[in-house]
């Protein structure tokens, strides 16, 4: 009952945000520059939330998320530009292939733990990037020209679906299995939870939505290049999740929104942006290693207040 | 005889990887942290060497020593400022901090001097020596000699000196070492100092050999050196040397076969194969050897 209330609440909120922004776009208040920032924001939220399910919920440290984004971007670009399919079909194609890539990468590498897993995912992401770099069909190092098709509607619908699916997954039986792996892998194994299965499931879902984000990203700019998807992109996504709080969906979303705005303002000073990013990362880790929100959600903040009141 | 030449090229490249990998493996052995900033210490070493040679007109060896000293200091500062508080933190927190330090060093350098590459001045005579029909540059031999001397020196420090004994003890069991009266903090700092000095040396050697340095040059060699450390068995000093050399030779062979664009992928394929098939690496068995 409570869960469905949150679900409808979220849906209504999403509709209101969509209506307001769409109204502002139609009314000409938001020009192309702001629309682009909004789309960028949506892409970053999708990436952050899709990495959140791997790192925050399941506790598996992956730093190769940009690789799956690249798969989604390139596959969808091939679908629209070479095969002439429509954008929604292309997005789904990109996401499915990206999920398959996640499955392929996840099955061998999720047997590893901690640091080794991090390095293995980084390695896989680099291999994916180098493959795209060397395939002439998608333009090699020069990149691939893609028509600009993404609109605010596509990006926003993508975000809503991503958040809904991942929030519901986290609250489901499977999600609880994943959380138990994060808390203590050995204990959850002993409780009869198939840890490998849940880790692979979370990783595959994460890569699916990274693929969606990649597909929307690919059709937002006029060109995609393999260098866009290097490990710096993976670190960017990692920063959203870490800053927001490892294990907090709303935290990851807020961090993605906030950092997109910051980087939009610092777009002309890329070095300063990276210095600020890295300093924030270090300071947050030194003084608040759980991230700004910890594992709390923004909704639980309100609940906490209510409970505290009734107890007194 | 082209193969012999490629082999020498591979060994030269591999010895650079090995020097960087030593720092990774020592730090990992002692505090179980992948020091992502290590590749950037390597970059700083290359730049310090460059300024020493180009601005202050020093020779190769003075530049090498200055670079090693400054890098050792930088390594200790990084350890004291960023990593020391994280001794008891989760592995993820430590790893993220290391990534943060790495990005901070890279972009601070870019902020102050721009991202443009720099051409290393020629400090070593570059003549070709013909051995068994293969022409081998005197630089390769020089690099190999410097690397071997540094590695022997490292073996001496680790196995024959008091601080080396302390390092081995702390990596074996930090709590027991503390109970035995070893100053664990100083030992960890010494490990960072030695590892960073080796990275600095690798930076200068890289600059002399490849003649082109830039602020982001440390990222890929850093990752590959880490691969080398894993390949050899992380925590093992002989493992890092062997892993570095194997990686260098494999990369050179892949390039020589005409797949030079796939060269970077080769390292990561090796990494994934080794992680899946034998995560402890080639020298993983002798865990007592680790530092």
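Among the residues of region B:237-264, how many are over 17 Å from residue B:10 (Cβ atoms) and modelled with pLDDT of 80 or more?
Applying the first criterion (over 17 Å from residue B:10 (Cβ atoms)) to region B:237-264 yields B:237-239, B:261.
From the residues that got through so far, the ones that are modelled with pLDDT of 80 or more too are B:237-239.
Of the residues in region B:237-264, 3 are over 17 Å from residue B:10 (Cβ atoms) and modelled with pLDDT of 80 or more.
In region B:31-50, what residues are assigned to a helix (DSSP H, G or I) and either touching a strand residue (DSSP E or B) at 6+ places or on another chain (Cβ under 9 Å) or within 14 Å of chain A (Cβ to nearest Cβ) (or both)? Steps first, answer last, please.
Within region B:31-50, the subset assigned to a helix (DSSP H, G or I) is B:31, B:38-50.
B:31, B:38, B:39, B:40, B:43, B:46, B:47, B:49, B:50, listed by residue number.
Mind listing whichever residues of region A:130-139 are part of a helix (DSSP H, G or I), crowded, with 18+ Cβ neighbours inside 10 Å and more than 9 Å from chain B (Cβ to nearest Cβ)? Write out each step before concluding.
Start the filter on region A:130-139 by keeping residues that are part of a helix (DSSP H, G or I), which leaves A:130-134, A:136-138.
If we keep only those that are crowded, with 18+ Cβ neighbours inside 10 Å as well, we get A:130, A:132-133, A:138.
A:132, A:138, listed by residue number.
Go over the candidates A:71, A:12 one by one and state the one that is more than 20 Å from residue A:246 (Cα to Cα) and without any contact (Cβ under 8 Å) to a residue 40 or more places away in the chain. Outline the logic, then answer.
Working: A:71 fails: without any contact (Cβ under 8 Å) to a residue 40 or more places away in the chain.
Answer to the selection: A:12.
Name every residue in region B:85-112 that is within 11 Å of chain A (Cβ to nearest Cβ), more than 17 Å from residue A:276 (Cα to Cα) and either modelled with pLDDT of 85 or more or not in a helix (DSSP H, G or I) (or both), in order of residue number.
Here is the first cut: in region B:85-112, the ones within 11 Å of chain A (Cβ to nearest Cβ) are B:85-86, B:88-112.
With more than 17 Å from residue A:276 (Cα to Cα) added as a condition, the list becomes B:85-86, B:88-95.
Within region B:85-112, B:88, B:89, B:90 meet the criteria.
Which numbered condition trips up residue A:85, out of (1) in a helix (DSSP H, G or I); (2) at pLDDT below 85; (3) over 30 Å from residue B:33 (Cα atoms)?
Just one mismatch for residue A:85, condition (1).
Just one of the numbered conditions (1) more than 9 Å from every other protein chain (Cβ to nearest Cβ); (2) modelled with pLDDT of 85 or more is not true of residue A:268; which one?
Unmet for residue A:268, out of (1) more than 9 Å from every other protein chain (Cβ to nearest Cβ); (2) modelled with pLDDT of 85 or more: (2).
Scan region B:19-32 residue by residue and report those that are more than 21 Å from residue B:248 (Cα to Cα) and either within 13 Å of the chain's Cα centre (by Cα) or buried (at least 24 other Cβ atoms within 10 Å of the Cβ) (or both).
Just the residues of region B:19-32 that are more than 21 Å from residue B:248 (Cα to Cα), to begin with: B:27-32.
B:27, B:28, B:29, B:30 - these are the residues of region B:19-32 that are more than 21 Å from residue B:248 (Cα to Cα) and either within 13 Å of the chain's Cα centre (by Cα) or buried (at least 24 other Cβ atoms within 10 Å of the Cβ) (or both).
Taking helices (runs of 4 or more DSSP H) that do not extend beyond region B:193-291, which have at least 1 residues that are away from chain A (no Cβ under 14 Å) and surrounded by 22 or more Cβ atoms within 10 Å (Cβ to Cβ)?
Details: elements: B:219-232, B:237-256, B:263-277.
Fully inside region B:193-291 and qualifying: B:219-232, B:237-256.
Here's the yes/no breakdown for (1) surrounded by 20 or more Cβ atoms within 10 Å (Cβ to Cβ); (2) at pLDDT 80 or above; (3) more than 25 Å from residue A:239 (Cβ to Cβ):
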site	(1), (2), (3)
B:66	yes, yes, yes
B:81	no, yes, no
B:114	no, yes, no
B:119	no, yes, yes
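Just the residues that are buried (at least 23 other Cβ atoms within 10 Å of the Cβ) and more than 11 Å from chain B (Cβ to nearest Cβ), please, taken from region A:81-109.
Across region A:81-109, the qualifying residues are A:90, A:91, A:94, A:95, A:98, A:99, A:101, A:102, A:106.
I need a count of the residues in region B:129-177 that are in a helix (DSSP H, G or I) and either over 21 Å from residue B:17 (Cβ atoms) or touching a strand residue (DSSP E or B) at 6+ places or on another chain (Cβ under 8 Å) (or both). It would help to see each step written out before you state the result.
Going through region B:129-177, the residues in a helix (DSSP H, G or I) turn out to be B:138-160, B:162-172, B:174-177.
After this cut, where a residue has to be either over 21 Å from residue B:17 (Cβ atoms) or touching a strand residue (DSSP E or B) at 6+ places or on another chain (Cβ under 8 Å) (or both) as well, the list is B:138, B:141, B:156, B:159-160, B:162-172, B:174-177.
Residues meeting the conditions: 20.
Which residue pairs have Cβ atoms closer than 7 Å, lie 6 or more positions apart in sequence or on different chains, and pair a first residue in region A:260-285 that is touching a residue at least 60 places away in the same chain (Cβ under 8 Å) with a second residue that is part of a helix (DSSP H, G or I)?
Pairs found: A:260/A:37; A:260/A:40; A:260/A:41; A:260/A:44; A:264/A:37.
The values are calculated or read from the model by the stated rules, or taken from the named source; none is laboratory data. Bear in mind the structure is a predicted one, so any value in this text is a computation, not a measurement. A quick note on method: Cβ atoms are made from the backbone with ideal geometry, for glycine too, and the neighbour counts reach across all protein chains shown.
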